[in-house]
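Right, one structure below, let's go through it.
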Amino acid sequence: MSKIAFAQEGQALCTELADVLERFKSYFATYFDRGYNGGGSNPIVDGDLTSLAVTAAQIAASITLAENIDKFANNQAIFQSDYDATINGLRTDI
């Protein structure tokens, strides 16, 4: 790989990551804005998700993931957790 191709790969990865960071930020805000959280006005419950074969707890864990991705990107202390398990539990590609 040439230096130019290498640098272009870095640019592409950072561009993709920036998009993912923005999407997670929006996902996190929407969760609370719509009252989907446990104490909210319209909480997500397991029955809402039966067609997806995921649980409300998994969605809540993905919100914690979203929050901590933003903290990571902004040099804030993150809550340590098994985020691989959260990601793998919600993946649809495998």
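Dividing the summed -39500 (n - 2.57) terms of all DSSP H runs of n ≥ 4 by the residue count of the chain sets its mean residue ellipticity at 222 nm at -20500 deg cm²/dmol.
If you wrap the tightest convex hull around every Cα atom of the chain and split its volume per residue, you get 132 Å³. Tell me which of 51, 81, 7 sits at the most positive position along the dipole axis of the chain, charges placed on C-beta atoms (Lys, Arg +1; Asp, Glu -1). Value: 7. Among 61, 18, 77, the largest mean-square fluctuation in a Gaussian network model of the chain (Cα springs under 10 Å) belongs to 77. Summing charges over neighbours of residue 56, with a neighbour being any other residue whose Cβ is under 9 Å away from its Cβ, gives -2 when K and R count +1 and D and E count -1.
Magnitude of the Cβ-charge dipole of the stretch 3-90, K/R +1 and D/E -1, about the Cα centre, nearest 20 debye? Before the final figure, lay out the partial values.
Numbers: 5 positive and 11 negative charges, 32 e Å.
In debye, rounded to 20, the stretch 3-90 gives about 160.
Taking every alpha-carbon pair under 8 Å whose residues sit at least 6 apart, the chain reaches a relative contact order of 23 percent.
Read the figures in this text as sums done on the coordinates, not as results from a lab. Just so we're clear, the structure is a prediction, and the values are computed from it rather than from any experiment. A quick note on method: Cβ atoms are made from the backbone with ideal geometry, for glycine too, and the neighbour counts reach across all protein chains shown.
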